Amino acid sequence: MPRIVVLGAGIGGISMAYELRTKVGRKAELVVVSDSEWFHFVPSNPWVALRWRRPDDIKVHLPSTLARLAIGFESVGARRVLAGENALELNDGRRISYDYLVIATGPALAFDEIPGLGPEANTISICHVDHAARAAERWDAFCAEPGPIVVGAVQGASCFGPAYEFALMLSTDLRRRRIRDRVPITFVTSEPYVGHLGLGGVGDTKGLLESVLRDHDIKWVTNARVDSIGADKVECTEVGADGSVVRQHSLPSRLTMMIPAFRGVPCLMGDDGKGAAGLANPRGFVLTDRKQRNPTYPNVFGVGVCIAIPPYEQTPVPVGVPKTGYMIESMVTATAENIAALIEGEAPVREASWNAVCLADFGNDGVAFVALPQIPPRNVNWSSRGYWVHAAKIGFEKYFLHKVRSGAGEPAYERLLMKWLGIDRLRGEPAGTAPRTAA
């Protein structure tokens, strides 16, 4: 019986494990390797930072959940991926072999690349539930003594949606506390314009997000390269289209949250500090083809934030391409179908659609966008603003956590709803094609 190892237990990894159990059934041994016993729903971290959620509200304890599905689980984490040996070296020194490996680790957070960046330095973070819980303590102290705030995303960042969400949730919460008038907020971003999102915009995200920032009295600086972050200020350089310096900014800040750039996790790096040869690019992101398969090691696949995707376009300040939730789920489905095919002795043919459906909550309304596919040119390019987005995100959080707790992959009703909306997980999937499901 072949062994499939899924490295990572976040949104990509846990979805991958459940989808494989559905597609492959008991024809393979399935093992998940993580550095924690807990799954947490990352999109809810901004709510945790404002005490709109408790950490336990968005966490699921995995050992018992996975055991019900006969999925093995290791929570010691991986020290190295030994792709040439079809094995992982775990952090406790043990080795685990595999016939197929799916890397779904998520990223490492490159706080060290900018002086003063990170929860161990001068900024709060919403990238991990533990960071968000610490940020909530800082938020309580801040509201007792309010002052200026800076929120945004640094050069090389690829995850812009949570930065917009957090800036606008802060504003909403401050208005509810009746202290918004005491808190100047500045949004600082490496994007060439508000609403670019690393994607050249989606629909009218430029107009929508500029409008909502104005509605909330939030100023912004685009094409910004963050130079350093102090305890009470953010130093950044605004550059022009040709990369020349337009203006130096020294922004006072009593509370700062900046999304960092990402890189590959340590187990994907070689001894030279760059991505392992053949497995990852120099930044440590996993190399994959259109079928999510590594070109050097064809029994290794990659899904989620950990994979390498080149920037959509050249920008004055570097920005990355986001890997959004539905886009990740499309990678998961394609990978599960392709591994199932390989086990049956067939050639893998499935390609992820990379379609994107995103909900950005601002506390009392929000912006939604649909990009089919996520990277232009697109068949659908739509965005909208309204209270319904806020309600929809709450509903999605509850729905996804239910899927994790119950061990569901893509329930039939979800698949049928998305098909009715014209949103497919697989690229070029013929109408009426039935997904592979184990007998």
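The values are calculated or read from the model by the stated rules, or taken from the named source; none is laboratory data. Predicted model, so just to flag it, every value in this text is computed and none were measured. Quick reminder, even Gly has a Cβ in these numbers, built from the backbone with ideal geometry, and neighbours come from all protein chains shown. The protein model used for the area step is the full one, side chains on, heavy atoms only, and it has no ligands, DNA or RNA in it. Shrake-Rupley method; radii C 1.70, N 1.55, O 1.52, S 1.80 Å.
Annotations
- All conditions in (1) in a strand (DSSP E or B); (2) closer than 20 Å to S330 by Cβ; (3) among the aliphatic types (A, V, I, L, M); (4) in contact with a Phe, Trp or Tyr (Cβ under 6 Å, 6 or more places away or on another chain) hold for I14, with the sole exception of (1).
- Residues of the stretch 28-59 satisfying the condition of being more than 18 Å from the chain's Cα centre (by Cα) and assigned to a strand (DSSP E or B): E29, L30, V31, V32, V33
- Single residue of the stretch 205-220 satisfying the filter (open to solvent by 10 Å² or more (accessible area, probe 1.4 Å) and part of a strand (DSSP E or B)) that is nearest to P318 (Cα to Cα): W220
- Cβ-Cβ contacts under 6 Å between residues 6 or more apart (or on different chains), taken from a first residue in the stretch 313-327 that is under 27 Å from E238 (Cβ atoms) to a second residue that is outside any loop (DSSP other than H, G, I, E, B) and open to solvent by 20 Å² or more (accessible area, probe 1.4 Å), are listed as V317/R225.
- Condition check for V202 on (1) more than 17 Å from E238 (Cβ to Cβ); (2) of a type outside the set (D, E); (3) surrounded by fewer than 21 Cβ atoms within 10 Å (Cβ to Cβ): one failure, at (3).
- Take the conditions (1) open to solvent by less than 30 Å² (accessible area, probe 1.4 Å); (2) within 30 Å of D173 (Cβ to Cβ); H61 misses just one of them, which is (1).
- Pairs with Cβ under 6 Å, 6+ apart, first in the stretch 125-152 and touching a residue at least 12 places away in the same chain (Cβ under 8 Å), second open to solvent by 10 Å² or more (accessible area, probe 1.4 Å) and of a type in the set (S, T, N, Q): V150/T186
- Close contacts from the stretch 353-369, counting a first residue that is touching a residue at least 24 places away in the same chain (Cβ under 8 Å) and at positive phi and a second that is in a loop (DSSP other than H, G, I, E, B) and crowded, with 24+ Cβ neighbours inside 10 Å, with Cβ to Cβ under 7 Å and a gap of 6+ residues or different chains, come to W354/Q374.
- Residue list for the stretch 221-265, restricted to those being assigned to a strand (DSSP E or B), under 23 Å from S125 (Cα atoms) and over 27 Å from the mean Cα position of the chain (by Cα): K233, H249, S250, L251, P252
- Residue match in the stretch 324-343 (condition: of a type in the set (G, A, S) and in contact with a Ser or Thr (Cβ under 7 Å, 6 or more places away or on another chain)): yes
- Comparison of P318, P322, P311, P295 shows that the only residue that is more than 30 Å from V194 (Cα to Cα) and open to solvent by 10 Å² or more (accessible area, probe 1.4 Å) is P295.
- In the stretch 1-15, the residues that are free of Cβ contacts under 8 Å to residues at least 40 places away in the same chain and farther than 12 Å from I103 by Cβ reach residues that are open to solvent by 30 Å² or more (accessible area, probe 1.4 Å) and of a type in the set (D, E, K, R) with C-beta atoms within less than 8 angstrom, at least six apart or across chains, in these pairs: M1/K27; M1/E29.
- Residue, nearest to T315 (Cα to Cα), within the stretch 255-273, restricted to residues that are surrounded by fewer than 16 Cβ atoms within 10 Å (Cβ to Cβ) and among the charged types (D, E, K, R): D272
- Residue, farthest from A408 (Cα to Cα), within the stretch 330-349, restricted to residues that are open to solvent by less than 20 Å² (accessible area, probe 1.4 Å) and in contact with a Lys or Arg (Cβ under 7 Å, 6 or more places away or on another chain): P348
For (1) buried (at least 20 other Cβ atoms within 10 Å of the Cβ); (2) hydrophobic (A, V, I, L, M, F, W, C); (3) without any contact (Cβ under 8 Å) to a residue 40 or more places away in the chain; (4) more than 18 Å from Q314 (Cα to Cα), each residue gets a yes or a no:
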residue: R177; (1), (2), (3), (4): no, no, yes, yes
residue: V188; (1), (2), (3), (4): yes, yes, no, yes
residue: N223; (1), (2), (3), (4): yes, no, no, no
residue: S228; (1), (2), (3), (4): no, no, no, yes
residue: K233; (1), (2), (3), (4): no, no, yes, yes
residue: V245; (1), (2), (3), (4): no, yes, yes, no
residue: S253; (1), (2), (3), (4): yes, no, no, yes
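- Taken residue by residue, the stretch 75-83 has at least one member that is crowded, with 21+ Cβ neighbours inside 10 Å and out of contact with any helix residue (DSSP H, G or I) (no Cβ under 7 Å at 6 or more places or on another chain).
- Odd one out for M327 among (1) open to solvent by 10 Å² or more (accessible area, probe 1.4 Å); (2) closer than 17 Å to G106 by Cβ: (1)
- Matching entry among G386, G395, G407 (being surrounded by fewer than 18 Cβ atoms within 10 Å (Cβ to Cβ) and touching a Phe, Trp or Tyr at 6+ places or on another chain (Cβ under 8 Å)): G407
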